[in-house]
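Read the figures in this text as sums done on the coordinates, not as results from a lab. Keep in mind the model is a prediction, meaning the values are calculated, not measured. Backbone-built Cβ (ideal geometry, glycine too); neighbour counts: all protein chains shown.
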Ligand code: NAD
């Protein structure tokens, strides 16, 4: 197959997760072979079941934090493995720290041995509850180092520091994607705001809003996010780049939008706020536009429409399975 990528073979840790599965698909579409490394602690085999028959795709089941061996040469290492939602990193606090620490180190070592480019999937959570708005990459963040979400925020901050230090010390080509809230088909409802709202709307339940609902997010469609991560891979850019959508919306308006797109008239129910929940989140994506020529393409309304449609299809399929 012809390739329109500069890479031949990529390792994607966390490739069996929500965003990782899009990255695997997009790499295969551009002619790159993919080795997906995942332990399915939070991801799901069904996300990549459609890729498993492809001879250019292989799956290595391993815990990245323990180290892993890849046979054959690779020229790109994307480290995306990590629990990534509040209930998941509450359930797996030590694992979250380890995959950001030793996990990142093992991936950097692999890139070093292979002379491959390395890209870290970091997060807007490195900005914590930001005192600067919107957040550009020069902002250092406002993070509680011992709060309940600190295992995630600090693991990613450590992973970023390690990536930069390793790149400098060993001359490895490194990139860092600071990913803002993403959503789309395959995202699990538990602990993720949009997929949670969609599940509640389709179940005819009230939409549960943590806190007063005035806190904002700037959700980015998952396929756009994956394209942004790969744009960083294809560049030689070495500093962090925000990957996110600039369309900022309050959680309450997001809930109302989900109801409208899903065509349901659900009640909004206000519940306890999450600890250290950021009040405002909007990326400044000037750097991504300038250095990578990347910007999101899918509007929030269109992304929600596609996500609701996919959730409906999944429900119909599982209803049919139950009937059989
Ligand atoms: P996800 O949970 O769907 O995917 C993460 C994958 O990593 C899962 O398949 C999981 O099984 C795997 N994994 C976790 N620990 C592992 C380990 N020790 N060894 C091997 N595999 C392991 O989450 P996602 O939303 O797809 O997030 C992917 C990456 O993007 C994460 O690094 C996350 O921090 C980052 N990110 C995501 C978002 C978002 O909104 N989804 C926002 C910011 C950053």
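Quick look at the numbers
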| item | result |
| --- | --- |
| Sequence-separation-based contact order of the chain, relative, with Cα cut under 8 Å and 6+ spacing, percent | 17 |
| log10 of Debye I(q)/I(0), alpha-carbon scatterers only, for the stretch 76-151 at 0.23, 0.24 Å⁻¹ | -1.07, -1.10 |
| Förster radius 56 Å - calculated FRET efficiency between residue 52 and residue 132 (Cβ-Cβ, nearest 0.05) | 0.80 |
| Most mobile listed residue (31, 303, 43) in the chain, GNM with C-alpha springs under 10 Å | 31 |
| Computed helical MRE - 222 nm, the chain, DSSP H runs ≥ 4 contributing -39500 (n - 2.57), nearest 500 | -11500 deg cm²/dmol |
| Selected from 58, 195, 182 as most flexible by GNM, with the chain as the system and alpha-carbon contacts under 10 Å | 58 |
| Length-normalised contact order for the stretch 162-303 - Cα pairs under 8 Å, 6+ apart - percent | 33 |
| Burial ranking of peptide ranges 163-176, 76-89, 236-249 (average Cβ count within 10 Å, highest at the top) | 76-89, 236-249, 163-176 |
| Between helix 222-234 and the chain: long-axis angle, C-alpha atoms, 0 to 90°, nearest 10 | 20 |
| Compactness relative to 2.2 N^0.38 Å, alpha carbon Rg of the stretch 77-231 | 1.11 |
| Folded to 0 to 90 degrees: helix 150-170 orientation relative to the chain principal axis, Cα | 20 |
| Choice from 211, 115, 263 with maximal GNM fluctuation in the chain (Cα, 10 Å cutoff) | 263 |
| Taking the convex hull of Cα positions in the stretch 33-95, its mean projected area over all directions (nm²) | 4.9 |
| Histogram of C-alpha separations across the stretch 1-51, 5 Å bin width, % | 5, 25, 32, 20, 11, 6, 1 |
| Protection proxy ranking of 290-297, 7-14, 214-221 - average other beta-carbon atoms within 10 Å, highest first | 7-14, 214-221, 290-297 |
| Acute angle (nearest 10 degrees) that the helix 300-323 long axis makes with the longest principal axis of the chain, alpha-carbon atoms | 80 |
| Using distinct alpha-carbon pairs, which all enter the 1/r mean, Kirkwood radius of the stretch 248-324 in Å | 15.9 |
| Convex hull (Cα only) mean projected area of the stretch 190-324, reported in nm² to one decimal | 9.9 |
| P(r) of the stretch 185-248 over all Cα-Cα pairs, binned every 5 Å from zero, in whole percent | 4, 14, 18, 20, 18, 12, 7, 5, 2, 0 |
| Rg to Rh quotient for the chain, alpha carbon positions, Kirkwood Rh | 0.95 |
| Square roots of 5 times each gyration tensor eigenvalue, C-alpha, the stretch 128-183, largest first, Å | 22, 14, 11 |
| Extent along principal axes [Cα atoms of the stretch 1-133; Å; largest to smallest] | 47, 34, 31 |
